[in-house]
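All remarks here apply to the structure that follows.
The values are calculated or read from the model by the stated rules, or taken from the named source; none is laboratory data. Here the structure is a predicted model, which is why all the values come from computation and not from measurement. Cβ sites come from the backbone with ideal geometry, for glycine too, and all protein chains shown count toward neighbours. Accessible surface areas use protein heavy atoms only, side chains included; no ligands, DNA or RNA. Shrake-Rupley method; radii C 1.70, N 1.55, O 1.52, S 1.80 Å.
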Amino acid sequence: CVNRELIKRGKKLILWGCSIDPKVLSDKDTLNDLKNHSLIVARESLTYDALKNAGLTNIILCADPAFQLEVRPVELPEWFIPGKTIGINVSPMVLRYQNDQVSVLDNYFSLVDYIIDNTDYQIAFIPHVTGVMNDDNETIDILMDKYRGTERVGRIEVSSCEILKGYISKCRFFIGARTHATIAAYSTCVPTIVVGYSIKALGIAKDIFGTTANYVVSAQNFTSRQDLKNAFIWLSENEESVREHLQNFIPEYKKTALDATGKLNEVIRNEKVN
(Lines give C-alpha, C1' and ligand atoms only; values in the text may rest on other atoms or scores of the structure.)
Protein backbone atom coordinates (compact mmCIF):
# COMPACT_ATOMS: atom_id res chain seq x y z
CA CYS A 1 0.00 0.00 0.00
CA VAL A 2 0.99 3.64 -0.19
CA ASN A 3 1.90 3.81 3.50
CA ARG A 4 4.33 0.88 3.25
CA GLU A 5 5.99 2.42 0.21
CA LEU A 6 6.41 5.74 2.04
CA ILE A 7 8.04 4.00 4.99
CA LYS A 8 10.42 2.17 2.65
CA ARG A 9 11.48 5.58 1.37
CA GLY A 10 12.24 6.78 4.89
CA LYS A 11 9.15 8.94 5.31
CA LYS A 12 7.39 9.47 8.63
CA LEU A 13 3.65 8.83 8.84
CA ILE A 14 1.47 10.91 11.17
CA LEU A 15 -2.26 10.37 11.69
CA TRP A 16 -3.56 13.59 13.21
CA GLY A 17 -6.93 14.32 14.79
CA CYS A 18 -8.36 10.87 14.15
CA SER A 19 -11.31 8.86 15.37
CA ILE A 20 -11.19 5.11 14.77
CA ASP A 21 -13.93 2.57 15.40
CA PRO A 22 -12.51 -0.16 17.68
CA LYS A 23 -13.96 -2.81 15.36
CA VAL A 24 -11.47 -1.73 12.69
CA LEU A 25 -8.59 -2.69 14.96
CA SER A 26 -9.49 -6.38 14.76
CA ASP A 27 -8.07 -6.34 11.22
CA LYS A 28 -4.37 -7.30 11.50
CA ASP A 29 -3.31 -5.39 8.37
CA THR A 30 -4.94 -2.21 9.66
CA LEU A 31 -3.39 -2.64 13.09
CA ASN A 32 0.08 -3.23 11.62
CA ASP A 33 -0.29 -0.17 9.41
CA LEU A 34 -1.16 1.96 12.44
CA LYS A 35 1.83 0.56 14.38
CA ASN A 36 4.11 1.75 11.58
CA HIS A 37 3.03 5.37 12.05
CA SER A 38 5.49 7.58 13.87
CA LEU A 39 2.65 9.38 15.63
CA ILE A 40 -1.10 8.98 16.00
CA VAL A 41 -3.03 11.89 17.52
CA ALA A 42 -6.44 10.70 18.73
CA ARG A 43 -8.99 13.49 19.07
CA GLU A 44 -11.11 11.77 21.70
CA SER A 45 -10.57 9.24 24.47
CA LEU A 46 -12.70 6.39 23.07
CA THR A 47 -10.32 6.14 20.13
CA TYR A 48 -7.26 6.66 22.33
CA ASP A 49 -8.32 3.89 24.72
CA ALA A 50 -9.10 1.51 21.85
CA LEU A 51 -5.68 2.09 20.30
CA LYS A 52 -3.96 1.69 23.66
CA ASN A 53 -5.85 -1.53 24.38
CA ALA A 54 -4.79 -2.81 20.96
CA GLY A 55 -1.17 -2.46 22.03
CA LEU A 56 -0.18 0.76 20.28
CA THR A 57 2.28 3.06 22.02
CA ASN A 58 2.76 5.70 19.32
CA ILE A 59 -0.36 7.58 20.41
CA ILE A 60 -1.32 10.77 22.21
CA LEU A 61 -4.68 12.34 23.07
CA CYS A 62 -5.39 15.93 22.05
CA ALA A 63 -8.52 17.91 21.20
CA ASP A 64 -9.48 18.20 17.55
CA PRO A 65 -7.54 21.07 15.88
CA ALA A 66 -10.88 22.60 14.88
CA PHE A 67 -11.35 23.73 18.48
CA GLN A 68 -8.65 26.32 17.72
CA LEU A 69 -10.36 27.61 14.55
CA GLU A 70 -10.71 31.38 14.40
CA VAL A 71 -14.18 32.93 14.70
CA ARG A 72 -14.85 35.51 11.98
CA PRO A 73 -17.20 38.44 12.75
CA VAL A 74 -20.44 38.12 10.79
CA GLU A 75 -23.25 40.45 9.80
CA LEU A 76 -26.46 38.75 10.89
CA PRO A 77 -29.52 38.74 8.62
CA GLU A 78 -32.57 40.58 9.96
CA TRP A 79 -34.37 37.37 10.89
CA PHE A 80 -31.41 36.07 12.95
CA ILE A 81 -31.93 37.42 16.48
CA PRO A 82 -28.80 37.03 18.65
CA GLY A 83 -29.57 35.01 21.77
CA LYS A 84 -32.97 33.97 20.43
CA THR A 85 -31.98 31.86 17.44
CA ILE A 86 -31.42 28.11 17.42
CA GLY A 87 -28.92 26.77 14.93
CA ILE A 88 -29.77 23.48 13.23
CA ASN A 89 -27.50 21.44 10.99
CA VAL A 90 -28.64 18.25 9.29
CA SER A 91 -26.58 16.11 6.98
CA PRO A 92 -27.69 13.58 4.36
CA MET A 93 -25.10 11.25 5.94
CA VAL A 94 -27.13 10.77 9.13
CA LEU A 95 -30.11 9.66 7.04
CA ARG A 96 -27.99 6.78 5.76
CA TYR A 97 -27.28 5.58 9.29
CA GLN A 98 -30.85 5.67 10.63
CA ASN A 99 -32.58 2.43 11.58
CA ASP A 100 -35.52 1.06 9.63
CA GLN A 101 -38.12 1.91 12.27
CA VAL A 102 -37.58 5.58 13.10
CA SER A 103 -36.79 8.37 10.64
CA VAL A 104 -34.11 10.91 11.49
CA LEU A 105 -35.90 13.47 9.36
CA ASP A 106 -39.15 12.90 11.29
CA ASN A 107 -37.20 13.66 14.47
CA TYR A 108 -36.07 16.97 12.97
CA PHE A 109 -39.69 17.72 12.01
CA SER A 110 -40.84 17.08 15.59
CA LEU A 111 -38.05 19.27 16.94
CA VAL A 112 -38.86 22.20 14.67
CA ASP A 113 -42.61 21.81 15.30
CA TYR A 114 -41.94 21.99 19.04
CA ILE A 115 -39.73 25.07 18.76
CA ILE A 116 -42.27 26.92 16.62
CA ASP A 117 -45.29 25.93 18.72
CA ASN A 118 -43.80 26.34 22.19
CA THR A 119 -41.10 29.03 22.02
CA ASP A 120 -40.43 32.37 20.40
CA TYR A 121 -37.01 31.33 19.06
CA GLN A 122 -35.99 31.79 15.46
CA ILE A 123 -34.36 28.87 13.65
CA ALA A 124 -31.25 29.10 11.47
CA PHE A 125 -30.52 26.15 9.20
CA ILE A 126 -26.75 26.06 8.83
CA PRO A 127 -25.02 23.87 6.21
CA HIS A 128 -21.45 22.86 6.94
CA VAL A 129 -20.51 20.50 4.12
CA THR A 130 -21.44 20.74 0.46
CA GLY A 131 -20.48 18.61 -2.50
CA VAL A 132 -21.77 15.99 -4.87
CA MET A 133 -23.86 13.38 -3.01
CA ASN A 134 -22.88 14.87 0.35
CA ASP A 135 -24.53 18.28 0.47
CA ASP A 136 -26.17 19.51 3.67
CA ASN A 137 -28.36 21.79 1.57
CA GLU A 138 -30.22 18.74 0.23
CA THR A 139 -31.74 18.07 3.64
CA ILE A 140 -31.97 21.74 4.58
CA ASP A 141 -34.05 22.32 1.43
CA ILE A 142 -36.62 19.85 2.78
CA LEU A 143 -36.85 21.68 6.09
CA MET A 144 -36.96 25.11 4.48
CA ASP A 145 -39.77 24.07 2.13
CA LYS A 146 -41.79 22.69 5.04
CA TYR A 147 -41.38 25.65 7.40
CA ARG A 148 -40.77 28.71 5.24
CA GLY A 149 -44.39 29.82 5.63
CA THR A 150 -43.99 30.12 9.41
CA GLU A 151 -41.61 33.07 8.95
CA ARG A 152 -39.58 31.64 11.85
CA VAL A 153 -36.84 29.98 9.82
CA GLY A 154 -33.95 31.09 7.66
CA ARG A 155 -30.93 29.64 5.94
CA ILE A 156 -27.28 30.63 6.31
CA GLU A 157 -25.52 30.49 2.97
CA VAL A 158 -22.46 28.33 2.47
CA SER A 159 -19.29 30.17 3.38
CA SER A 160 -15.85 29.58 4.90
CA CYS A 161 -15.62 27.50 8.08
CA GLU A 162 -14.51 30.59 10.05
CA ILE A 163 -17.58 32.53 8.96
CA LEU A 164 -19.92 29.61 9.63
CA LYS A 165 -18.39 29.38 13.10
CA GLY A 166 -19.19 33.05 13.52
CA TYR A 167 -22.88 32.36 12.86
CA ILE A 168 -22.92 29.29 15.08
CA SER A 169 -21.34 31.29 17.93
CA LYS A 170 -24.35 33.63 17.89
CA CYS A 171 -26.87 30.82 18.43
CA ARG A 172 -28.67 30.24 21.75
CA PHE A 173 -28.52 26.47 21.18
CA PHE A 174 -27.14 24.29 18.42
CA ILE A 175 -28.33 20.92 17.12
CA GLY A 176 -25.98 19.43 14.56
CA ALA A 177 -24.92 16.31 12.71
CA ARG A 178 -21.60 17.44 11.22
CA THR A 179 -18.73 16.96 13.66
CA HIS A 180 -16.99 20.23 12.87
CA ALA A 181 -20.23 22.18 13.06
CA THR A 182 -20.77 20.87 16.57
CA ILE A 183 -17.13 21.58 17.44
CA ALA A 184 -17.75 25.18 16.33
CA ALA A 185 -20.60 25.29 18.82
CA TYR A 186 -18.77 23.56 21.67
CA SER A 187 -15.70 25.77 21.26
CA THR A 188 -17.79 28.95 21.47
CA CYS A 189 -19.67 27.61 24.52
CA VAL A 190 -23.03 27.15 22.80
CA PRO A 191 -25.11 24.37 24.45
CA THR A 192 -25.24 21.62 21.85
CA ILE A 193 -26.95 18.37 20.92
CA VAL A 194 -25.16 16.10 18.46
CA VAL A 195 -27.06 13.83 16.13
CA GLY A 196 -24.28 11.28 16.03
CA TYR A 197 -23.58 8.20 13.95
CA SER A 198 -19.99 7.30 14.87
CA ILE A 199 -17.46 7.05 17.68
CA LYS A 200 -16.20 10.60 17.14
CA ALA A 201 -19.47 12.18 18.32
CA LEU A 202 -19.58 9.95 21.39
CA GLY A 203 -15.91 10.42 22.24
CA ILE A 204 -15.85 14.20 21.98
CA ALA A 205 -19.03 14.59 24.05
CA LYS A 206 -17.71 12.17 26.68
CA ASP A 207 -14.45 14.10 26.98
CA ILE A 208 -16.27 17.41 27.41
CA PHE A 209 -19.14 16.36 29.67
CA GLY A 210 -18.00 13.05 31.15
CA THR A 211 -21.04 11.36 29.59
CA THR A 212 -22.86 11.12 26.28
CA ALA A 213 -26.32 10.95 27.86
CA ASN A 214 -28.46 13.95 26.84
CA TYR A 215 -25.69 15.34 24.64
CA VAL A 216 -25.59 12.80 21.80
CA VAL A 217 -28.65 11.32 20.10
CA SER A 218 -27.63 8.31 18.03
CA ALA A 219 -28.99 8.32 14.50
CA GLN A 220 -29.00 4.50 14.52
CA ASN A 221 -30.85 4.24 17.82
CA PHE A 222 -33.83 6.57 17.64
CA THR A 223 -36.74 4.91 19.45
CA SER A 224 -39.44 7.39 18.44
CA ARG A 225 -39.89 10.57 16.42
CA GLN A 226 -39.80 12.49 19.74
CA ASP A 227 -36.22 11.63 20.75
CA LEU A 228 -34.55 14.73 19.34
CA LYS A 229 -37.29 17.01 20.62
CA ASN A 230 -36.98 15.48 24.10
CA ALA A 231 -33.20 15.98 24.03
CA PHE A 232 -33.75 19.65 23.18
CA ILE A 233 -36.25 20.05 26.02
CA TRP A 234 -33.66 18.62 28.44
CA LEU A 235 -30.98 20.94 27.09
CA SER A 236 -33.18 24.03 27.36
CA GLU A 237 -34.16 23.11 30.93
CA ASN A 238 -30.48 22.68 31.85
CA GLU A 239 -29.14 25.53 29.73
CA GLU A 240 -27.53 27.50 32.54
CA SER A 241 -25.52 24.61 33.98
CA VAL A 242 -24.48 23.34 30.54
CA ARG A 243 -23.32 26.76 29.41
CA GLU A 244 -21.44 27.32 32.68
CA HIS A 245 -19.70 23.97 32.30
CA LEU A 246 -18.63 24.82 28.75
CA GLN A 247 -17.34 28.23 29.81
CA ASN A 248 -15.27 26.67 32.58
CA PHE A 249 -14.06 23.62 30.66
CA ILE A 250 -13.51 24.63 27.05
CA PRO A 251 -10.65 27.20 27.41
CA GLU A 252 -8.23 24.63 28.87
CA TYR A 253 -9.53 21.82 26.70
CA LYS A 254 -8.93 23.86 23.56
CA LYS A 255 -5.30 24.29 24.54
CA THR A 256 -4.74 20.54 24.32
CA ALA A 257 -5.23 20.81 20.55
CA LEU A 258 -1.82 22.48 20.51
CA ASP A 259 -0.07 19.78 22.56
CA ALA A 260 0.57 17.66 19.50
CA THR A 261 3.06 20.19 18.15
CA GLY A 262 5.69 19.12 20.70
CA LYS A 263 5.35 15.49 19.68
CA LEU A 264 5.45 16.51 16.04
CA ASN A 265 8.78 18.21 16.68
CA GLU A 266 10.06 14.98 18.20
CA VAL A 267 9.10 13.11 15.03
CA ILE A 268 10.84 15.74 12.91
CA ARG A 269 13.95 15.16 15.04
CA ASN A 270 13.61 11.44 14.26
CA GLU A 271 12.48 10.54 17.75
CA LYS A 272 9.68 8.01 17.85
CA VAL A 273 6.93 8.49 20.42
CA ASN A 274 7.21 6.14 23.40
Review point. Taking the range 129-189, how much of its Cα-Cα pair set, in percent, is spaced more than 19 angstrom apart?
Key: 35 percent
Check your understanding: Angle between the Cα long axis of helix 199-209 and the longest principal axis of the chain, 0 to 90 degrees, nearest 10?
Key -> 80 degrees
Study note, to complete from the structure: In Å², rounded to a whole number, the accessible area per residue of the range 175-274 with probe 1.4 Å is 44 Å²
Check your understanding: Reachable aspartates and glutamates from LYS170, Cα under 18 Å, same-chain residues fewer than 8 places away excluded?
Key -> GLU70, GLU75, GLU78, ASP120, GLU157, GLU162, GLU239, GLU240, GLU244
Check your understanding: Taking the Cα centre of the chain as the origin, how large is its charge dipole in debye, to the nearest 20, when only Lys and Arg (+1) and Asp and Glu (-1) carry charge on their Cβ atoms?
Key -> 1140 debye
Revision key, fill the gap. Output row, site ASN99, 7 Å Cα→C-beta label point, backbone N cut-off 15 Å, window the range 217-241, residues 217-228
Exercise for review: Find the eigenvalues of the gyration tensor of the Cα atoms of the range 20-127, then list the square roots of 5 times those eigenvalues as equivalent ellipsoid semi-axes, largest first, in whole angstrom.
Suggested key: 39, 21, 10
Check your understanding: Do any of LYS146/LYS229; LYS23/LYS254; LYS84/LYS146; LYS52/LYS200; LYS8/LYS200; LYS28/LYS206 go past 23 Å between their Cα atoms, and which?
Key -> LYS23/LYS254; LYS8/LYS200; LYS28/LYS206
Point to revise | Loop sites in the range 144-194: GluC sites (Glu not before Pro), DSSP, at most 10 other Cβ within 10 Å | key: GLU151
Point to revise | 12 Å beta-carbon shell around LEU25, net charge (K/R +1, D/E -1) | key: -1
**Study point:** the range 1-139 - percent of accessible surface contributed by carbon and sulfur, probe 1.4 Å
**Key:** 49 percent
Review point. Carbon-plus-sulfur fraction of the accessible area of the range 175-241, 1.4 Å probe, in percent?
Key: 47 percent
Check your understanding: Can you give the Kirkwood hydrodynamic radius of the range 132-271 from its Cα pairs, in Å with one decimal?
Key -> 16.9 Å
Study note, to complete from the structure: Most fluctuating of ASN221, ASN118, ASN137 in the GNM of the chain (C-alpha, under 10 Å) is ASN118
Practice item. Could you state the angle between the C-alpha long axis of helix 104-118 and the longest principal axis of the C-alpha atoms of the chain, as a value from 0 to 90 degrees rounded to the nearest 10? Key: 40 degrees
Point to revise | Principal axes of the chain: Cα extent on each, largest first, Å | key: 61, 41, 35
Review point. At each listed q (0.19, 0.24, 0.29, 0.34 Å⁻¹), what is the log10 of I(q)/I(0) that the Debye formula gives for the range 71-117 modelled as equal alpha-carbon point scatterers?
Key: -0.79, -0.95, -1.12, -1.27
Review point. What does the charge count near VAL104 come to, summing +1 for each Lys or Arg and -1 for each Asp or Glu among other residues with Cβ under 10 Å from its Cβ?
Key: 0
Practice item. Output the peptides 140-147, 23-30 sorted from most to least packed, where packing is the average of other Cβ atoms within 10 Å over each peptide's residues. Key: 140-147, 23-30
Point to revise | Label-to-label distance, nm, for residues given as LEU6 and THR150 (7 Å Cα→Cβ offset) | key: 4.6 nm
**Study point:** Shape metrics for the range 1-52, restricted to C-alpha atoms - Rg then Dmax, Å
**Key:** 11.3, 32
Study note, to complete from the structure: Only helices counted: for the chain, with every DSSP H run of 4 or more residues adding -39500 (n - 2.57) and the sum spread over all residues, [θ] at 222 nm is -13500 deg cm²/dmol
Practice item. Inverting the mean 1/r over all pairs of different Cα atoms, compute the Kirkwood radius of the range 188-274 and quote it in Å. Key: 15.1 Å
Review point. How far is the Cα center of the range 1-22 from the Cα center of the range 232-271, in Å?
Key: 25 Å
Check your understanding: CYS171: net charge of surrounding residues, Cβ under 13 Å, Lys/Arg +1, Asp/Glu -1, itself excluded?
Key -> +4
Check your understanding: In percent, how large is the relative contact order of the range 160-266, given Cα pairs closer than 8 Å and 6 or more residues apart?
Key -> 22 percent
Review point. GNM on the chain, C-alpha springs below 10 Å: top fluctuator among GLY176, GLY196, GLY83?
Key: GLY83
